[in-house]
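First comes the structure, then the notes that go with it.
The values are calculated or read from the model by the stated rules, or taken from the named source; none is laboratory data. Please read these numbers as outputs of a predicted model, since none were measured by experiment. With ideal geometry, Cβ positions are generated from the backbone for all residues, glycine too; neighbour counts draw on all protein chains shown. Just so you know, the surface numbers come from the protein's heavy atoms only, side chains and all, with ligands and any DNA or RNA stripped out. Shrake-Rupley method; radii C 1.70, N 1.55, O 1.52, S 1.80 Å.
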Amino acid sequence: MERRMVVTQTECPARIVPAGTPVTIPKDTFVTITQSLGGNYTLTWNGQMVRVDGTDAGALGLVPEKLSFPEPETDQILEEQVWDALKTIYDPEIPVDLVNLGLIYAVKINQESKRVDINMTLTAPGCGMGPVLVGDVEYRVAKVPNVKQVKVELIFDPPWQRDMMSEEAQLTTGMFY
């Protein structure tokens, strides 16, 4: 387990684990990094576990993860960019992104309202990290050019099974069969 204390350099947006409630950690606050996976950070702060998106790592004095897209040529949301953003979100306990885990079931884009609707599942219906993962998806997909709103719906039909994982993910996790 990683344990490293850092001081916030600026106000730092975070989400309480596992509820996913947004909070702001004040500047000049001591926090302890307990885990860094997939470019995101799990911290303890004021006795609570919180998650900081890797794109906000600069607030922790770390190199932020870059999620950048080419300057849009139109006002349209590009589905490929939505999928690219989704591929940067990792399960907090498994070092594999949500797309390769097979957790993203559908992406629907409404160009008129600039809204992206995503149907996703979890590896288990009782997964306590569900609200945090939903928050990760909303946060990252909102960074895609022209996206004004992101709505994530957790669905459990069909139930997730390991054969929904990409072959690469199965090899990474040792679940290849």
Query raised in the report: If we scan the range 64-79, do we find a residue that is open to solvent by less than 10 Å² (accessible area, probe 1.4 Å) and not in a helix (DSSP H, G or I)?
Result: yes
Query raised in the report: Can PRO13 be described as surrounded by fewer than 18 Cβ atoms within 10 Å (Cβ to Cβ), of a type outside the set (A, V, I, L, M, F, W, C), modelled with pLDDT of 90 or more and under 27 Å from VAL116 (Cβ atoms)?
Result: yes
Query raised in the report: Do you know which residues across the range 156-177 are loosely packed, with under 13 Cβ neighbours inside 10 Å and either under 20 Å from the mean Cα position of the chain (by Cα) or among the basic types (Lys, Arg) (or both)?
Result: PHE156, GLU168
Query raised in the report: List, please: which pairs have Cβ atoms under 8 Å, are six or more places apart or on different chains, and start with a residue in the range 63-83 that is farther than 17 Å from ASP53 by Cβ and end with one that is at pLDDT 90 or above and open to solvent by 60 Å² or more (accessible area, probe 1.4 Å)?
Result: PRO72/LEU78
Query raised in the report: Which of the residues that make up the range 107-138 are assigned to a strand (DSSP E or B), touching an Asp or Glu at 6+ places or on another chain (Cβ under 8 Å) and either open to solvent by less than 60 Å² (accessible area, probe 1.4 Å) or of a type in the set (Lys, Arg) (or both)?
Result: VAL107, LYS108, ILE109, ASP117, ILE118, ASN119, MET120
Requested in this report: Kindly indicate whether LYS87 is free of Cβ contacts under 8 Å to residues at least 24 places away in the same chain, basic (Lys, Arg) and in contact with a Ser or Thr (Cβ under 8 Å, 6 or more places away or on another chain).
Outcome: no
Query raised in the report: Would you say ASP84 is within 30 Å of GLY126 (Cα to Cα), in a helix (DSSP H, G or I) and touching a Pro at 6+ places or on another chain (Cβ under 8 Å)?
Result: no
Query raised in the report: Take the residues of the range 54-69 that are of a type in the set (A, V, I, L, M) and either in contact with a Leu (Cβ under 9 Å, 6 or more places away or on another chain) or farther than 15 Å from LEU43 by Cβ (or both): which is modelled with the highest pLDDT?
Result: LEU60
Requested in this report: For residues that are over 17 Å from the mean Cα position of the chain (by Cα) and open to solvent by 60 Å² or more (accessible area, probe 1.4 Å), scanning just the range 27-62, find the one that is nearest to PRO131 (Cα to Cα).
Outcome: GLN48
